[in-house]
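Q: I have a structure I would like to understand better, so I am pasting it below and will then ask my questions one at a time.
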Amino acid sequence: MVKKVKVGDITIGEGRFVLVAGPCVLESLEMALEVAAEVKNMCDDLGLAYIFKSSFDKANRTSIHSFRGPGLDVGLGWLEQVKSRLGVPVLTDIHEPNQAELAAQVVDVIQIPAFLCRQTDLLVSAAETGKPLNIKKAQFMSPYDIRFVLEKARESGNDKVILCERGVAFGYNELVVDFRSIPIMRSFGCPVMFDATHSVQMPGGLGGVSGGDRRFVSPLARAAVSIGIDALFMEVHPSPNEAKSDGPNMIALSDLRDLLGQLVALDDLVKGKLGYVDVGEA
C-alpha cells in the first residue's frame, strides 16, 4: 500500500501525476515568477496539480567557477514571493543539516539531492522538520538500497516521503534509466517521482560543466508515465541555451504545454484502464 503524501491541498499518490517544475537554479525573482506563472496556467488548463521547484544554491557544480545561485537567504525570499504571489507550493533542495529548519519555514517540500541521499545527518534534520521530503535516488545506488535511506527518514519520525528516480551512472559522463526502479521503489510504500530532465544529463560531459541531451526528455517521460508514476519532475527555462545551470538538459518553456498534453493523455489511460505496474514487495 502506497502512503499518500499531502502537500497543502495537493495529494501525491492518487489520481493524475503531480508536476514539479521550474528552472534548475534561481537566476532572478522575475524569471522565477515568469516560469511559475506560465507553468501554473498550463497545469490549470490541463487539470494538473503543480509544485514550483528551484534551487537557492547549486553546491555540487562541477567547477568552482560555475554559477551557484543567490544563496540561502535571498533564495528563500524569492521562493516565498513565488509562493505568496502565485499561490503555488514550492520545493527546494538543501545541502547541509543547518539549512533544514530555515528552508522549512518557507518551502512546502524539502528535497534531498541524489549525491547526498545517504548523508544521515542531512536526512535526519530534514525529516525532523515534519515537511514532506523528496529524496532523489543517487546515481550510484540500486533501487533496492533506497529502502535504507527511507528507513532513516521514517525512524526520524517522518513518513511523508516521495522517492525520485533520476538516472544511474553508465560509465563516464553518461546516465541511463533502469525503469525497474519505479515499481521497485513504489513497493516500499512511497509515491514515486520521475525526474525526466536530469535523467538525460551527461555529468561533466562538457569539461568543467555538465552536458545533456534534451531530445530524450519526452521519450523517457512517456516511458515513466506508462509504467505509472505519482509525480513528474522537469526543469524548464525560457531560454535553456542561456541558462546558468543545466541548460543542455532543461526543456524550453515554450515546448512544455505540448509535452504535458501527451503525458496527461497517457497518464489517464494508465490510471483509468491499465493501472500501475506492480512487481510485488521487493
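Q: When you scan the range 225-276, how many residues do you find that are assigned to a loop (DSSP other than H, G, I, E, B) and closer than 18 Å to Ile162 by Cβ? First the steps, then the outcome.
A: Going through the range 225-276, the residues assigned to a loop (DSSP other than H, G, I, E, B) turn out to be 228-230, 238-239, 243-246, 250, 275-276.
Applying the additional criterion that residues be closer than 18 Å to Ile162 by Cβ yields 228-230, 276.
Within the range 225-276, residues that are assigned to a loop (DSSP other than H, G, I, E, B) and closer than 18 Å to Ile162 by Cβ number 4.
Q: Considering every residue within the range 18-30, establish whether at least one is touching a Pro at 6+ places or on another chain (Cβ under 6 Å), surrounded by 18 or more Cβ atoms within 10 Å (Cβ to Cβ) and within 17 Å of Thr92 (Cα to Cα).
A: Quick first cut of the range 18-30, residues touching a Pro at 6+ places or on another chain (Cβ under 6 Å) only: 26.
Restricting the remaining residues to those that are surrounded by 18 or more Cβ atoms within 10 Å (Cβ to Cβ) gives 26.
Subsequent filtering for residues that are within 17 Å of Thr92 (Cα to Cα) retains 26.
Yes, because at least one residue in the range 18-30 is touching a Pro at 6+ places or on another chain (Cβ under 6 Å), surrounded by 18 or more Cβ atoms within 10 Å (Cβ to Cβ) and within 17 Å of Thr92 (Cα to Cα).
Residue by residue, here is whether (1) surrounded by fewer than 21 Cβ atoms within 10 Å (Cβ to Cβ); (2) of a type in the set (Gly, Ala, Ser); (3) touching a strand residue (DSSP E or B) at 6+ places or on another chain (Cβ under 8 Å); (4) within 26 Å of Gly15 (Cα to Cα) holds:
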{"site": "Ala127", "(1), (2), (3), (4)": "no, yes, yes, yes"}
{"site": "Glu155", "(1), (2), (3), (4)": "yes, no, no, no"}
{"site": "Gly167", "(1), (2), (3), (4)": "no, yes, yes, yes"}
{"site": "Gly171", "(1), (2), (3), (4)": "yes, yes, no, no"}
{"site": "Val176", "(1), (2), (3), (4)": "yes, no, yes, no"}
{"site": "Arg180", "(1), (2), (3), (4)": "yes, no, no, yes"}
{"site": "Phe194", "(1), (2), (3), (4)": "no, no, yes, yes"}
{"site": "Ser210", "(1), (2), (3), (4)": "no, yes, yes, no"}
{"site": "Phe216", "(1), (2), (3), (4)": "yes, no, no, yes"}
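Q: Here is a further query. In this structure, is Lys58 of a type in the set (D, E, K, R), in contact with a Cys (Cβ under 8 Å, 6 or more places away or on another chain) and closer than 21 Å to Ile251 by Cβ?
A: Values: of a type in the set (D, E, K, R): yes; in contact with a Cys (Cβ under 8 Å, 6 or more places away or on another chain): yes; closer than 21 Å to Ile251 by Cβ: yes.
Here the answer is yes, as Lys58 does meet what is asked.
Q: So which pairs qualify, if the first residue must be in the range 229-240 and touching a residue at least 24 places away in the same chain (Cβ under 8 Å), the second must be of a type in the set (Lys, Arg) and in a loop (DSSP other than H, G, I, E, B), the Cβ gap must be under 9 Å, and the two must be at least 6 apart or on different chains?
A: Between residues of the range 229-240 that are touching a residue at least 24 places away in the same chain (Cβ under 8 Å) and residues that are of a type in the set (Lys, Arg) and in a loop (DSSP other than H, G, I, E, B), the close pairs are Asp230/Lys4; Phe233/Arg166.
Q: If I ask for residues that are out of contact with any helix residue (DSSP H, G or I) (no Cβ under 7 Å at 6 or more places or on another chain) and part of a strand (DSSP E or B), which ones from the range 154-199 would you list?
A: Selection gives Ile162, Cys164, Val168, Ala169, Val176, Met193, Asp195.
Values quoted throughout were computed directly from the atomic coordinates according to the rules given, and no laboratory measurement underlies them. Remember, it's a predicted structure, so these values are computed and weren't measured experimentally. Every residue, glycine as well, gets a Cβ built from its backbone with ideal geometry; the counts of neighbours run over all protein chains shown.
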